[in-house]
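Only one structure is covered here, and it is reproduced in the block below.
The values are calculated or read from the model by the stated rules, or taken from the named source; none is laboratory data. Note that the structure is predicted; figures quoted are calculated from it, not measured. Cβ placement follows ideal geometry from the backbone for every residue including glycine, while neighbour counts extend to all protein chains displayed.
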Amino acid sequence: MKIAIVHNNEEKSKEVTKKLRVLLKKNNILIDENQPELIISVGGDGTLLSAFHRFSHRLNEVSFLGVHTGHLGFYTDWRDYELEELVESLMLEQEKSISYPLLDVKICFWDDTPDKHFLALNESTIKRGTRTMVADVYIKNELFESFRGDGLSVSTPTGSTAYNKSIGGAVLHPSINAFQLTEIASLNNRVFRTLGSPIVIAHTEWVTIELQESSDYSITIDQLDIRPDNIESIQYRIAEERIHFASYKHMQFWHRVKDAFISED
């Protein structure tokens, strides 16, 4: 097995990475940063997101595993003090894989600029500077609503516990092959009306958001923040690709949710 390690710049993560490298070398496990089969993320959920985007072009060939150096995260099964147990599990070669849906994002432009495609593990948001964002929302090419407000958020099931939850979106189990559209401070009055509730879109459908012509839109795709000019529309659908996690020790999703938002210990 060939392994790549991605870590953040926290001192604890650097120390854990150093110990992990020693253990891997001791057990004759090859570290290959260019053509790995398994990517181990050391840090938090943000570190794993970075690892995902770094290797997103090889999703059919790699799986991911997270080691958390802080509080328990949604993408990390192992803690920093479990390195020996982790390496022992790698040696047994009894890996099982669990996969989660990803978001396909296509940005189209008013001019002749080629469309841009991205993959998101968590979410994508659209906002418009300091002005009200005006957009038409289409589901499967049929106009669903005309939106006015601060913006829109589109999330995967695993991303539903992130920004989506903070703006009133539902928490979706990652086994659900769907994505979620949630409004950000929509304007609802006698003139402007939207559904005002999060909606869950099936993997067989897609959402297109057509925007007014302007140069002050901000689009986030996970940790990426882009501000391209002349955006005409953004299309969202469930991607054909999926992310695979090596589940040597997999924590049940609702346990993660309880631990993150409810448990006090």
Open item on the list: Here is a list: Thr156, Thr113, Thr182. Which entry is under 13 Å from the mean Cα position of the chain (by Cα) and among the polar types (S, T, N, Q)?
Closed with: Thr156
Open item on the list: Go through (1) surrounded by 14 or more Cβ atoms within 10 Å (Cβ to Cβ); (2) outside any loop (DSSP other than H, G, I, E, B) for Trp254 and report which single condition fails.
Closed with: (1)
TODO: Report yes if some residue within the stretch 178-191 is at pLDDT below 95 and either more than 27 Å from Arg131 (Cα to Cα) or surrounded by 15 or more Cβ atoms within 10 Å (Cβ to Cβ) (or both); otherwise report no.
DONE: yes
- [ ] Please name all residue pairs, on different chains or six or more residues apart, with Cβ atoms under 6 Å, provided the first residue is in the stretch 42-61 and is closer than 14 Å to Ile5 by Cα and the second residue is surrounded by fewer than 17 Cβ atoms within 10 Å (Cβ to Cβ).
- [x] Gly44/Gly70; Leu49/Gln223
TODO: Among the residues of the stretch 231-248, write down those that are exposed (fewer than 14 other Cβ atoms within 10 Å of the Cβ) and in contact with a strand residue (DSSP E or B) (Cβ under 7 Å, 6 or more places away or on another chain).
DONE: none
Task: Exclusive hit being among the hydroxyl-bearing types (Ser, Thr, Tyr), surrounded by fewer than 17 Cβ atoms within 10 Å (Cβ to Cβ) and either in contact with a Gly (Cβ under 6 Å, 6 or more places away or on another chain) or part of a strand (DSSP E or B) (or both), set Ser175, Ser218 - done: Ser218
Open item on the list: Return the pair list, or none, for Cβ contacts closer than 9 Å from residues in the stretch 112-136 that are farther than 13 Å from Glu232 by Cβ and without any contact (Cβ under 8 Å) to a residue 60 or more places away in the chain to residues that are among the small types (Gly, Ala, Ser) and in a strand (DSSP E or B), at least 6 apart or on different chains.
Closed with: Thr132/Gly149
Open item on the list: So for the stretch 58-69 (the condition being among the β-branched types (Val, Ile, Thr), at pLDDT 90 or above and farther than 30 Å from Thr125 by Cβ), does at least one residue qualify?
Closed with: no
TODO: Collect the residues in the stretch 223-247 that are in contact with a Phe, Trp or Tyr (Cβ under 8 Å, 6 or more places away or on another chain) and farther than 19 Å from Ala135 by Cα, keeping them in residue-number order.
DONE: Leu224, Ile238, Arg242, Ile243, His244, Phe245, Ala246
- [ ] Evaluate the stretch 194-205: report whether one residue or more is β-branched (Val, Ile, Thr), within 15 Å of the chain's Cα centre (by Cα), surrounded by 15 or more Cβ atoms within 10 Å (Cβ to Cβ) and at pLDDT 95 or above.
- [x] no
Open item on the list: So Gly168 ticks every box in (1) on the phi > 0 side of the Ramachandran plot; (2) surrounded by 15 or more Cβ atoms within 10 Å (Cβ to Cβ) but one. Which box is left unticked?
Closed with: (2)
Open item on the list: Just to be sure I understand, how many residues within the stretch 178-198 are outside any loop (DSSP other than H, G, I, E, B), out of contact with any helix residue (DSSP H, G or I) (no Cβ under 8 Å at 6 or more places or on another chain) and without any contact (Cβ under 8 Å) to a residue 60 or more places away in the chain?
Closed with: 5
